[in-house]
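Report on the structure given below.
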Amino acid sequence: MVQFLFWFSLLLILYTYVGYALLIFLLAKYRPCKTQVQTQDGSAEELPEVTLFITAYNEASIIAAKMANCRALLYPAEKLKIRWVIDGSTDDSALLLREYIDVEVIDSPIRKGKTAAINHGMQSVHTPIVVFTDANCLLNTDALKIIAHQFNDPSIGCVSGEKRVAFTDDDTISSKGEGTYWKYESLLKKLDFAYYSTVGAAGELFAIRSSLFTVMPEDTLLDDFMLSMGIAKRGYRIAYTPDAYAVESGSLNMEEEAKRKKRIAAGGWQSIARLLPLLNIFTYGKLSFQYLSHRVLRWSVTPFALFALFPLSFIIGIGYSSYLNVFNIIFVLQVIFYLCAGLGYLKRENPHVSKLFYVPYYFIFMNINVLFGIYYLWSKQHRGGWEKSQRK
């Protein structure tokens, strides 16, 4: 039984973090999904009307930069509506935004969280496409055109842009680790879409057909993921467009990053519970396979397998007379990996730490927070309400 648990854990870890990436690469290359988009560029007359939807809580300090970025977007002004939904802010956000005559402002006096703000703001959206973006990130100038182009394919119900984390050599692990992680995620999303559909959208930049929007429970933690996967569940594909991207700064430190990861992990557990039908591969086929491989395993059982593998390999290895056996070899490799992660932890505030240390540390850090996410979810439910982060 112990050996079975060892091999099960090892194979599960390898599949989740390496095997699926290799498998989806082969599937994307040899079994790609055919797109129905015929042309790359459209004239201004052919572009649909778009609502740029921004939710904000106490973002007065970045409104000027965000609005300058909105004005720089290469999209016909007569077809672009900019809507800010202010969620119970206590600063001058609403007052500052009213200086922009071409901006719609919905100001809610009570803070109910981002999901409630989206539900409220979407009630009066009349454009066929709505593009969601966060207040604290900047879009590339062609982003909206690139996104709108994807909707020429009638099978596409949602379009996800790419999240890019800006960091410099002077930044610490919190930014560099997050940036490395998102490069890996972006590659998987690109391959997922090439094969069939991206599995979820990033809230920094994604778009949907307005007709497909459904009101979400206000306690929803991962509103971007639940909204996009709800559309995929209805038979539409989620496109991934890395050429349309949102740039934001990484977390200031690992303490801030830990809080964010716990909320995301809790949202992952919540999403799994609310999207249980998607695990039925006989009904959802390719989408179910991708969802299980890319999200569910990473958000649920694989972190347990990762931390169980260390004692399992030790227990089995000491039972052999020869030190040179697969269990001891894997145990030693884990010791080296954890030592590198430990050094990464000790150097977490050092801007010049090597990838050899910060990548293992960030990997372990993410998986630990998946476990903490269970407690976070439980505590939120039992304290009589949900707190929603504005920066996911």
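The values are calculated or read from the model by the stated rules, or taken from the named source; none is laboratory data. None of these values were measured; they are calculated from a predicted model. Heads up, the Cβs are rebuilt from the backbone with ideal geometry, glycines too, and the neighbour counts pull from every protein chain shown. Accessible surface is based on the protein model in full, side chains and every heavy atom, while ligands, DNA and RNA are left aside. Shrake-Rupley method; radii C 1.70, N 1.55, O 1.52, S 1.80 Å.
Annotations for the structure displayed:
- The mean of 1/r over all pairs of different alpha-carbon atoms in the chain, once inverted, gives a Kirkwood hydrodynamic radius of 22.4 Å.
- Accessible surface of segment 18-135, 1.4 Å probe, proportion on carbon and sulfur as whole %: 55 percent
- Take the Cα of Y375, step 7 Å toward its Cβ, do the same at S155, and the gap between the two points is 4.5 nm.
- MRE, 222 nm, helices only [DSSP H, n ≥ 4, -39500 (n - 2.57), over the chain, to nearest 500]: -15500 deg cm²/dmol
- The length gained on full extension between A308 and H352, counted as 0.36 nm times the residue separation minus their Cα-Cα distance, comes to 12.7 nm.
- Only protein heavy atoms count here; on that basis, with a 1.4 Å probe, H120 has an accessible area of about 90 Å².
- At q = 0.12, 0.13, 0.19 Å⁻¹, base-10 log of I(q)/I(0) for segment 1-117 (Debye sum, equal scatterers on each alpha carbon): -0.73, -0.76, -0.96
- Separation in nanometres of the label points that stand 7 Å from Cα toward Cβ, at Q3 and F25: 3.2 nm
- Accessible solvent surface per residue of the chain, calculated while the other protein chains remain in place, 1.4 angstrom probe, Å²: 47 Å²
- Top of Y30, Y345, Y236 by mean-square fluctuation, Gaussian network on the chain, Cα under 10 Å: Y30
- Gained length - R234 relative to K79, 0.36 nm times residue gap less alpha-carbon distance: 53.0 nm
- For the chain, built as a Gaussian network whose Cα springs stay under 10 Å, the top-fluctuating residue of V199, V335, V165: V335
- Set of aspartates and glutamates with alpha-carbon distance to K81 below 13 Å, sequence-local pairs under 8 removed: E49, D102, E104
- Top of E49, E162, E204 by mean-square fluctuation, Gaussian network on the chain, Cα under 10 Å: E49
- Size of charge dipole - segment 179-314 - debye, nearest 20, with Cβ of Lys, Arg +1 and Asp, Glu -1, no other charges: 460 debye
- Computed magnitude of the charge dipole of segment 171-223 (debye, nearest 20; Cβ of K, R +1, Cβ of D, E -1): 340 debye
- Cut-off 17 Å (backbone N to label point 7 Å along Cα→Cβ of I106), residues of segment 56-90: 56-58, 81-89
- Label-to-label distance, nm, for residues given as K286 and N325 (7 Å Cα→Cβ offset): 4.5 nm
- Extension gain from V215 to R98, taking 0.36 nm per residue of separation minus the Cα-Cα distance: 39.4 nm
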